[in-house]
C-alpha cells in the first residue's frame, strides 16, 4: 500500500501534522505518515456515528488490526494498516492499542473522574503517539523527556478542541473555571520547559516526531494570559506566525 495514500489522508484530515511531517526529512516522512494516518482514523472513528455500539465496533476493528500486527502473522490489507504493519514492533502495537482504548472516551458523555484520569487520557493519546513516532525514527532513550513535551502538546491541542467538544455534548475539563484553565495551561508549560531543559537526553533522530508540537507553547501562553480564549476558540496563532514558527523549528531542529 502506498505511503502517498497515508499522506493524502493526513493532508485532508490533520493539516497541522501534515505540514509538520512535510518539514521533516524525506526518510522520516515515510515512517510518520502511516502512523499519523492511523491516529487520524482512530480519532475520527467515534464521531462517525451516533450509535455507541457501532463506534465501539469501529475502534475494535483497529484493536484487532493492531493485535494482528503484534502477533507477527498475516495482517489485513488496508491502506493504513498495511504500511503501518511494516513499521511497528510488538511493543509499539501494544502501546497503540492503549491509544485506541483511550479514544472510547469520545463515544460517551461521561466526564473524567478526576485530574489524574484526564492526565492519563492525554498521556495515552498524545504521549503514546509521540513516543511511538520517536521510536519509529530510531529513538531508544529519552522517553520521559518526550512524554513531558507530548503532555504539553496534548493539553494545547485539547484546549483548542474544547469548543467543538462542548458543542458535541462532551465535558472536556474536570474544572472549567478560568483560573483552573489557566493553571492547567501553566502546568503544561512547565512540563514543556522541563523537557527542553533535558533536550540532550533525547536523540536528534527523534526531532521530526516533535515538530508536530510546534504551536503548543504559543497556545498555552495565550491560555494562561487569557483563559476566556479557550471557550471562545481564539487560541490559534496567526497564519504568518504559525508557518513561520514551523519553518524556524524545522531549520534549527529546536523543539
Legend entry - Kirkwood-based Rg to Rh ratio, region 124-255, C-alpha trace: 0.98
Legend entry - Label zone at residue 5, where the point sits 7 Å out along the Cα-to-Cβ direction: region 75-118 residues whose backbone N lies under 11 Å: 77-84
Legend entry - Label-point separation, residue 171 to residue 240 (7 Å along Cα→Cβ), nm: 4.3
Legend entry - Taking N as its residue count, the alpha carbon Rg of region 32-153 over 2.2 N^0.38 Å: 1.06
Inset, instruction - Along Cα→Cβ, 7 Å out, is where each label goes; now give me the distance between the ones at residue 49 and residue 112 in nm to one decimal. - result: 2.8
Inset, instruction - May I ask for the distance between the Cα centers of region 71-93 and region 1-37, given as a whole number of Å? - result: 17
Inset, instruction - State, as an integer percentage, the relative contact order of the chain based on alpha-carbon contacts under 8 Å between residues 6 or more apart. - result: 20
Inset, instruction - Would you calculate the separation in nanometres between label points at residue 231 and residue 12, each defined as 7 Å from the Cα along the Cα-to-beta-carbon direction? - result: 3.6
Inset, instruction - With a Förster radius of 25 Å, plug the Cβ-Cβ distance of residue 164 and residue 186 into 1/(1 + (r/R0)^6) and report the FRET value to the nearest 0.05. - result: 0.60
Legend entry - Helix-only [θ]222 nm of the chain, DSSP H runs n ≥ 4, -39500 (n - 2.57) each, per residue, nearest 500: -21000 deg cm²/dmol
Inset, instruction - Compute log10 of I(q)/I(0) for the chain with the Debye formula, placing one identical point scatterer on every Cα and leaving out solvent, at q = 0.18 Å⁻¹, to two decimals. - result: -1.61
Inset, instruction - Find how much the distance from residue 221 to residue 140 grows on full extension, using 0.36 nm per residue of separation minus their present alpha carbon separation; answer in nm with one decimal. - result: 26.1 nm
Inset, instruction - Sort 252, 49, 21 so that the residue with the fewest other Cβ atoms within 10 Å of its own Cβ comes first and the one with the most comes last. - result: 252, 49, 21
Legend entry - Estimated FRET transfer efficiency when R0 is 25 angstrom, pair residue 205-residue 248 (beta carbons, to 0.05): 0.80
Legend entry - Diffusion coefficient, µm² s⁻¹, Stokes-Einstein with Kirkwood Rh over alpha-carbon pairs of region 96-174 at 10 °C and 1.306 mPa s: 120
Inset, instruction - Can you tell me how much longer the chain between residue 120 and residue 86 gets when fully stretched, taken as 0.36 nm per residue apart minus their C-alpha distance, in nm with one decimal? - result: 9.4 nm
Legend entry - Per principal axis, descending, Cα span of region 14-57 in whole Å: 41, 16, 6
Inset, instruction - Take the alpha carbon gyration tensor of region 6-102, find the square roots of its eigenvalues, order them as a ≥ b ≥ c, and report rounded if a/c is under 1.5; if not, report prolate when a/b exceeds b/c, else oblate. - result: oblate
Inset, instruction - Could you grab the relative contact order for region 173-255? Cα pairs under 8 Å, six or more apart, rounded to a whole percent. - result: 39
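We did not get these values from a lab; they are worked out from the coordinates using the rules stated. Quick caveat, the model's predicted, so the values are computed rather than measured. Virtual Cβ from ideal backbone geometry, glycine too; neighbours counted across all protein chains shown.
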